[in-house]
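The values are calculated or read from the model by the stated rules, or taken from the named source; none is laboratory data. Everything quoted here is computed from the prediction, not taken from an experiment. Cβ sites come from the backbone with ideal geometry, for glycine too, and all protein chains shown count toward neighbours.
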Amino acid sequence: MPVTWNSNVLGTVAKLPPGASATPVRERLRAQALDIARAESLGQVFLSYSVVPLAEPSSGNYRAGILRAGGESFDAPRLVPEQGELTALAFGVCTLGRGLEERVSTLLTERRASVALALDELGNRMLSEGSYRLRKRLLLDATKRGLCVSGELRPGDPGLALEAQHAVLRLAHAEKIGVTATRTLQLTPLKSLSVIYGVGPGLPPAWWSRCDECRSREKCAAVRGSLMTVA
């Protein structure tokens with residue numbers, strides 16, 4: 001059964017420290033963006049995930065990284081652990097909905113591009129916080145059942161083809177929170193993300209991160225919440 005809920009992330013994001021490139025002008029624009037988000041109730045994130053048992057977890061295909069769950073196949077060898085037992089995959093999705101992106105478009109139409117960009121950046125931070133809360137909720141639920149969560153991949157990451165997008169959305173029950181993918185596999189609403197995690201007993205911490213090859217890793221606020229495993 002899918003787990004779906006919504007959460008207000010604006011308060012948490014508003015307390016995050018400014019980035020290294022913050023200037024008085026950027027801080028003023030950020031304050032305006034926060035005021036808009038508060039006044040227009042744009043601080044909600046909507047989340048959904050489902051844990052799906054693996055089919056044939058002891059087969060040769062599994063060891064080769066071909067993971068089958070829910071009638072779908074995923075070529076994701078990074079999720080196969082060296083120790084422990086991978087028994088399921090968790091499929092998750094979160095979104096800010098359409099409200100924030102529509103407000104950004106309105107600001108651009110009003111020729112308030114600087115405020116629009118600040119609001120868009122605020123949206124990115126809220127989506128990052130939503131991703132953290134999705135992962136945290138899954139970790140807590142798994143721990144109650146004596147399971148671990150290890151690894152994180154999003155369609156299009158190194159180690160998971162973008163073509164997995166539709167399967168991930170289906171198994172995450174993304175339709176329940178209004179998330180779909182276009183013909184080019186772009187998520188809509190735009191401020192959305194989808195993800196796969198490995199689940200099972202005794203899984204070790206992942207030795208890799210989906211952020212490893214990102215040039216912005218050292219500056220990224222999202223790395224603060226990168227809990228990969230609960231034992």
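For every residue, the table says whether it meets (1) among the aliphatic types (A, V, I, L, M); (2) over 25 Å from Ala174 (Cα atoms).
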| position | (1), (2) |
| --- | --- |
| Ala33 | yes, yes |
| Arg38 | no, yes |
| Leu54 | yes, no |
| Pro77 | no, no |
Quiz item: If a residue has to be under 19 Å from Gly99 (Cα atoms), of a type outside the set (A, V, I, L, M, F, W, C) and either assigned to a loop (DSSP other than H, G, I, E, B) or in contact with a Pro (Cβ under 6 Å, 6 or more places away or on another chain) (or both) to count, how many in segment 1-15 make the cut?
Solution: 0
Quiz item: For Gly84, which of the numbered conditions (1) crowded, with 20+ Cβ neighbours inside 10 Å; (2) in contact with a Cys (Cβ under 9 Å, 6 or more places away or on another chain) fails to hold?
Solution: (1)
Self-check item: Among the candidates Val93, Val104, residue that is touching an Asp or Glu at 6+ places or on another chain (Cβ under 6 Å), closer than 20 Å to Val45 by Cβ and touching a residue at least 12 places away in the same chain (Cβ under 8 Å)
Solution: Val104
Quiz prompt | So Leu140, is it at pLDDT 95 or above, more than 17 Å from Met1 (Cβ to Cβ) and surrounded by fewer than 23 Cβ atoms within 10 Å (Cβ to Cβ) | solution = no
Quiz item: Counting only residues that are among the hydroxyl-bearing types (Ser, Thr, Tyr) and at pLDDT 95 or above, which one in segment 1-37 is farthest from Ser194 (Cα to Cα)?
Solution: Thr12
Quiz item: Tally time: how many residues in segment 174-215 are touching a Gly at 6+ places or on another chain (Cβ under 6 Å), modelled with pLDDT of 95 or more and among the hydrophobic types (A, V, I, L, M, F, W, C)?
Solution: 1
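Does Glu85 satisfy the criteria of being over 21 Å from Ser192 (Cα atoms) and touching a strand residue (DSSP E or B) at 6+ places or on another chain (Cβ under 8 Å)?
On the way: over 21 Å from Ser192 (Cα atoms): yes; touching a strand residue (DSSP E or B) at 6+ places or on another chain (Cβ under 8 Å): yes.
Answer is yes for this residue.
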Self-check item: Per-region count, segment 143-176, residues surrounded by fewer than 22 Cβ atoms within 10 Å (Cβ to Cβ), under 21 Å from Asn6 (Cβ atoms) and touching a residue at least 60 places away in the same chain (Cβ under 8 Å)
Solution: 3
Self-check item: Cross-chain or 6+ apart pairs with Cβ under 7 Å, segment 7-21 first and over 15 Å from Ala33 (Cβ atoms), then part of a loop (DSSP other than H, G, I, E, B)
Solution: Asn8/Gly43
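When you go through Leu138, Leu108, Leu119 one by one, which is the residue that is more than 29 Å from Gly65 (Cα to Cα) and out of contact with any Leu (no Cβ under 8 Å at 6 or more places or on another chain)?
Working: Leu138 fails: more than 29 Å from Gly65 (Cα to Cα); Leu119 fails: out of contact with any Leu (no Cβ under 8 Å at 6 or more places or on another chain).
Every option except Leu108 fails the conditions.
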